[in-house]
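The values are calculated or read from the model by the stated rules, or taken from the named source; none is laboratory data. Because the structure is a prediction, the values reported are computed rather than measured. Cβ atoms come from the backbone with ideal geometry, glycine included; neighbour counts cover every protein chain shown.
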Amino acid sequence: MEHDEIRTRAWVLHPDIKSNSKRRPAEPALNEGVALAEALPDLDVIGSNVVRLPKAHSGHLFGKGKIEELKAIFKSEDIDLVLIDGSVSPVQQRNLEKTWDVKLLDRTGLILEIFSDRARTREGVLQVEMAALSYQRTRLVRAWTHLERQRGGLGFVGGPGETQIESDRRAIDDQLVRLRRQLDKVVKTRSLHREARARVPYPIVALVGYTNAGKSTLFNRLTGADVMVKDMLFATLDPTMRRVELEDGPEIILSDTVGFISDLPTELVASFRATLEEVLGADLIVHVRDISHDDTHNQAADVKNILTSLGVDENRAQIEVWNKLDQLPEDEAEARRQRALNEDDIHAISALSGEGLPELMRDIGVILQGVRLNETLTLGFSQGKQRAWLFSEDLVQGETQTEDGFEIKVMWTERQKSQFNSL
C-alpha cells in the first residue's frame with residue numbers, strides 16, 4: 001500500500017495545568033489543538049480531551065493514574081499518534097511514547113509539521129527546515145526522515161525509512177549552516193524584488209490576522225485570485241501578492257500573510273519573521289478578525305502583540321475588519337454592524353457573502369489617498385514624452401491647453417513624482 005493512502009489515527013490532549021502562568025481557557029484551546037491536527041491531510045482525529053492537573057510531572061507530564069487511564073483509551077481506539085497541545089520535554093516525550101506505545105508530538109512539533117506541509121516558496125521551505133532542525137536538535141532520539149526527504153512533511157508523523165540519529169549534533173549544525181547560507185541568498189533575492197516593487201507606485205495593503213480568520217477568503221474575494229482557502233489552520237503560509245484597482249482610488253498591492261497563533265514557539269517566530277516582513281513595508285495594515293469566534297478578543301490581542309514584536313509601530317495606518325458576520329445569529333450580527341458604524345477604522349463584513357466589502361474598499365481608498373498629492377504641472381509642447389507618461393499612468397485629473405503648452409492637474413504619489421522627474 002502506498003504511504004499516502006495510510007491514515008494515522010490521532011488523539012489530541014490539552015493539558016490544563018493550574019500552575020501555568022500562560023494558562024489559556026481549556027475548551028477553546030482544545031478546539032484549536034484539534035483544528036491544528038485536522039490541518040494535516042493524513043491524520044484522522046479519533047478523539048480529544050482536556051487533562052486537568054495541578055502541575056506538570058517532570059518525568060511523564062501526567063500522573064500515574066491518568067497515564068494508565070489514557071493508555072487504555074489509546075489501546076482500545078488503536079491510536080498511532082498522540083498530539084499534546086502544549087510543550088513536552090524530550091524526556092517526557094520518550095517516557096510517554098514508551099508507556100503508551102504510540103508516537104507523540106507536542107504543539108511545536110505539530111505546527112512545524114503543518115508549516116512543512118504548507119510551505120510553497122523556496123524561502124518558506126528553508127525556514128521550516130531550519131526551525132525543525134533547531135527544535136529537533138534537543139530531540140536526537142527522534143526519527144530524522146526529513147533530512148532524507150523520503151516523503152513530504154518533516155517525518156514526525158510516520159513514513160518510510162525511519163532512522164535513529166543518536167548523537168551527531170555536528171551533522172545538524174552543519175546542516176543549519178548550509179541552510180542559513182541558502183536562506184541568506186533567497187532573502188537577498190527577495191529584498192531585491194521588494195526594492196523593485198518599491199519603485200512600483202502602488203501602496204501596499206497587508207492582510208493580517210489570527211489563523212483561520214478568513215484572510216484568504218477576503219483576499220480571493222477582492223482579487224479574484226485562487227489562493228488556497230480551507231477551513232483549516234495555516235491554510236496560507238507564504239505571502240501572496242496581487243494588484244487591485246480601487247474604485248475612485250489608487251491601485252494597490254494586496255498581500256495575504258501567514259496566520260498568527262497564540263504561543264507560537266520562539267524558534268518559529270524567528271524563522272517566519274522574513275515571511276512577515278511584507279507587513280513592515282505596508283502602507284496600510286488590515287487586521288482581519290473572526291468576530292464569531294468565542295476567543296476573538298484574545299486572538300486579537302495575540303495578533304497585536306506579534307505585530308509589536310515585529311516592530312510595527314502604533315502610528316502605522318490600520319483598519320480592523322470584523323469578519324464572519326454570516327456565522328453569527330442575526331441579532332448579534334446587527335449589534336456588531338451598529339458598533340462598527342460608530343467606531344472609526346472598524347468594518348463589519350462577511351468575506352463569504354460580500355457584505356460590507358464595497359465600504360471597506362472605499363475606506364481603504366480614502367486612507368491611501370493621503371499617500372497621493374494633488375499638483376498642477378506646466379508642460380511645454382516639446383515635453384510630449386512626459387505628458388504621455390502622465391496619461392499612461394492614469395494620473396491626469398484635468399488638462400488645459402495654453403499658448404506655450406499644457407497645464408495639467410495630476411494626483412500622484414511621491415514615488416510617481418520622483419519617477420516623473422527622472423524622465
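In table form, for the structure just shown:
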{"item": "Total residues in segment 312-337, condition surrounded by fewer than 13 Cβ atoms within 10 Å (Cβ to Cβ) and modelled with pLDDT under 95", "result": "3"}
{"item": "Selection from segment 366-382 of residues that are crowded, with 17+ Cβ neighbours inside 10 Å and either more than 17 Å from Pro250 (Cα to Cα) or among the small types (Gly, Ala, Ser) (or both)", "result": "Leu377, Leu379"}
{"item": "Pairs with Cβ under 6 Å, 6+ apart, first in segment 308-336 and touching a residue at least 60 places away in the same chain (Cβ under 8 Å), second of a type in the set (S, T, N, Q) and surrounded by 17 or more Cβ atoms within 10 Å (Cβ to Cβ)", "result": "Lys324/Ser292"}
{"item": "Unmet criterion (only one of (1) modelled with pLDDT of 90 or more; (2) part of a loop (DSSP other than H, G, I, E, B)) for Leu207", "result": "(2)"}
{"item": "Only one of Val288, Val312 that is in contact with a Gly (Cβ under 9 Å, 6 or more places away or on another chain) and either assigned by TED's automatic domain parsing to the domain that holds Ser255 or under 18 Å from Glu343 (Cα atoms) (or both)", "result": "Val288"}
{"item": "Number of the condition not met by Trp412 [criteria: (1) surrounded by fewer than 16 Cβ atoms within 10 Å (Cβ to Cβ); (2) in contact with a helix residue (DSSP H, G or I) (Cβ under 9 Å, 6 or more places away or on another chain)]", "result": "(1)"}
{"item": "Any hit, segment 11-28, residues being of a type in the set (A, V, I, L, M) and modelled with pLDDT of 95 or more", "result": "yes"}
{"item": "Residue ranges of helices (runs of 4 or more DSSP H) in segment 327-423 with at least 1 members within 27 Å of the chain's Cα centre (by Cα), among the hydrophobic types (A, V, I, L, M, F, W, C) and assigned by TED's automatic domain parsing to the domain that holds Glu247", "result": "330-342, 357-369"}
{"item": "From Leu154, Leu112, residue being surrounded by 18 or more Cβ atoms within 10 Å (Cβ to Cβ) and modelled with pLDDT under 60", "result": "Leu154"}
{"item": "The lone exception for Val258 - which of (1) under 30 Å from Leu133 (Cα atoms); (2) at pLDDT 75 or above; (3) part of a loop (DSSP other than H, G, I, E, B) it fails", "result": "(2)"}
{"item": "In segment 376-396, the residues that are at pLDDT below 90 and not aliphatic (A, V, I, L, M)", "result": "Ser392, Glu393, Asp394"}
{"item": "Residue within segment 388-397 that is over 22 Å from Gln369 (Cβ atoms) and either in contact with a strand residue (DSSP E or B) (Cβ under 9 Å, 6 or more places away or on another chain) or polar (S, T, N, Q) (or both) present", "result": "no"}
{"item": "Test: residue in segment 349-360 that is surrounded by fewer than 13 Cβ atoms within 10 Å (Cβ to Cβ) and more than 19 Å from Leu246 (Cβ to Cβ)", "result": "yes"}
{"item": "Single condition Tyr202 does not satisfy, out of (1) at pLDDT 60 or above; (2) assigned to a loop (DSSP other than H, G, I, E, B); (3) hydroxyl-bearing (Ser, Thr, Tyr); (4) closer than 29 Å to Ser87 by Cβ", "result": "(4)"}
{"item": "Test for Leu104: is it surrounded by 20 or more Cβ atoms within 10 Å (Cβ to Cβ), touching a helix residue (DSSP H, G or I) at 6+ places or on another chain (Cβ under 8 Å) and either at pLDDT below 75 or closer than 19 Å to Val82 by Cα (or both)", "result": "yes"}
{"item": "Those residues of segment 365-409 which are without any contact (Cβ under 8 Å) to a residue 24 or more places away in the chain and in contact with a helix residue (DSSP H, G or I) (Cβ under 9 Å, 6 or more places away or on another chain), in sequence order", "result": "Leu395, Val396, Glu399"}
{"item": "Candidates Leu183, Leu192, Leu179, Leu133 - the one that is of a type outside the set (Lys, Arg), within 29 Å of Gln369 (Cα to Cα) and modelled with pLDDT of 60 or more", "result": "Leu192"}
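Let's see how each residue does on (1) in contact with an Asp or Glu (Cβ under 8 Å, 6 or more places away or on another chain); (2) of a type outside the set (Lys, Arg); (3) farther than 22 Å from Val258 by Cβ:
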{"position": "Ile291", "(1), (2), (3)": "no, yes, no"}
{"position": "Ala301", "(1), (2), (3)": "no, yes, no"}
{"position": "Asp313", "(1), (2), (3)": "no, yes, no"}
{"position": "Arg339", "(1), (2), (3)": "no, no, yes"}
{"position": "Ile346", "(1), (2), (3)": "yes, yes, yes"}
{"position": "Ile364", "(1), (2), (3)": "no, yes, no"}
{"position": "Thr376", "(1), (2), (3)": "yes, yes, yes"}
{"position": "Arg387", "(1), (2), (3)": "no, no, yes"}
